[in-house]
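Have a look at the structure below before the remarks.
Each value in this text was obtained by applying a stated rule to the coordinates, not by laboratory testing. Keep in mind it's a predicted model, so treat the numbers as computed, not measured. With ideal geometry, Cβ positions are generated from the backbone for all residues, glycine too; neighbour counts draw on all protein chains shown.
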Amino acid sequence: MSDAGAPGADIGIFGGSGFYELFDEAAGGTTTLAIDTPYGPPAGPVTLGHIGGVRVAFLPRHGPDHQHVPHQVPARANVWAMARLGVQRIIGPCAAGSLANHVHPGDFVVLDQLVDRTWGRPDTFYDEGAAHHVSFADPYCPQLRSAAVDAAARCGITAHERGTVVVINGPRFATRAESRSYRDQGWEVINMTQYPEAYLARELGICYCGVALITDYDTGVEHDPGMEPVTQEQVFAFFEDNLHRVRELLAVLVPSLRSTRSCDCAAARGPLVNPPLPA
Ligand SMILES: [Zn+2]
């Protein structure tokens, strides 16, 4: 991609192939770009187009063939590619398990807090030059969260307005004891990809919103010893069956994001040594 006349986008979505039909055909269709980054290639080419008149960039976080397992998702390259395109807001839909009795498969959770239990993942752009410590007290953009909650209501989707996600390293699922300990902490959602994706977006001053589609009850439900633990087949099949509901949400949410940003997310961006991003 060259700098001169480079295409761009305002909204980024880390989605999958099931989202391509959201693009406005009348707005010129889509363009696919292979973007290289100082952190290596992103998980796949970025598709640019319009949804409801808004410029959008899609990137499958696991790759077009789901070839990157969660702990090997090239999150820095994925987020940097979005920043390179000028994206100011990222929506990160994801599959997740429920840790709470009141959160059921098929529900959506608009995440508001995050607990990082991953390890060994490159999770900063600021590992060179002057120290740059970024507040992550509130990991998700309040303005984007509010828009996502409104969009879910307009779609008639059951969405919890807040929830804490514990991000585990994977690719294995949690043990019963781990899952029970997370429940005991009061955390509602378990997932493998929200970290460092959400944090890396913050480091570049990009608003980030995590919308979890609940696919399972992780290792089971309290007081139901007959409940079977989650399997990969169950997660993939459930997510596929419910993809149209994620699409419905995005089709309402994205066009509602025309307003300028009133949050503080942009202020988190510091002086990058490598790579220098365009202002
Ligand atoms: Zn924000």
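Brief remarks on what is shown
- Shown for His62, His160: other C-beta atoms within 10 Å of each C-beta, ranked fewest to most, produce the order His62, His160.
- Convex hull volume per residue in cubic angstrom - Cα atoms of segment 158-210: 100 Å³
- Dipole magnitude of the chain about its Cα centre (Cβ charges: Lys, Arg +1; Asp, Glu -1), debye to nearest 20: 560 debye
- Global geometry of segment 174-271, whether rounded, prolate or oblate, following the gyration tensor of its Cα atoms and the 1.5 cut on a/c: oblate
- Segment 104-149 versus segment 150-187: alpha-carbon centroid distance in Å: 14 Å
- Taking the C-alpha atoms only, the angle from helix 232-253 to the longest principal axis of the chain is near 50 degrees.
- Diffusion coefficient, µm² s⁻¹, Stokes-Einstein with Kirkwood Rh over alpha-carbon pairs of segment 43-118 at 25 °C and 0.890 mPa s: 167 µm²/s
- Note on the chain: dipole from Cβ charges, positive end direction compared against Ala137, Ala95, Ile214; the farthest Cα belongs to Ala137.
- Taking the chain as a Gaussian network of alpha-carbon nodes connected by springs under 10 Å, the highest mean-square fluctuation of the residues Ala77, Ala137, Ala267 belongs to Ala137.
- Cut-off under 5 Å, modelled amide H: who pairs with Val221 long-range: Met227
- Low-density loop positions, GluC sites (Glu not before Pro), segment 167-206 - DSSP coil, at most 16 other Cβ in 10 Å: none
- A Gaussian network model of the chain, with springs between Cα atoms under 10 Å, assigns the largest mean-square fluctuation among Gly205, Gly15, Gly40 to Gly40.
- Sorted by Cβ neighbour density within 10 Å, fewest at the top, the residues Asp241, Asp216, Asp112, Asp138: Asp241, Asp138, Asp112, Asp216
- Relative to the longest principal axis of the Cα atoms of the chain, the long axis of helix 142-155 lies at roughly 70 degrees.
- A Gaussian network model of the chain, with springs between Cα atoms under 10 Å, assigns the largest mean-square fluctuation among Ile35, Ile206, Ile91 to Ile35.
- Enclosed volume per residue, in Å³, of the convex hull spanned by Cα atoms of segment 11-261: 123 Å³
- By the count of neighbouring beta-carbon atoms within 10 Å, fewest first, Arg55, Arg76 end up ordered Arg55, Arg76.
- What you get for segment 143-279, charging only the Cβ of Lys and Arg (+1) and of Asp and Glu (-1), is a dipole of about 660 debye around the Cα centre.
- P(r) tail fraction, segment 72-171 - alpha-carbon pairs more than 25 Å apart, %: 29 percent
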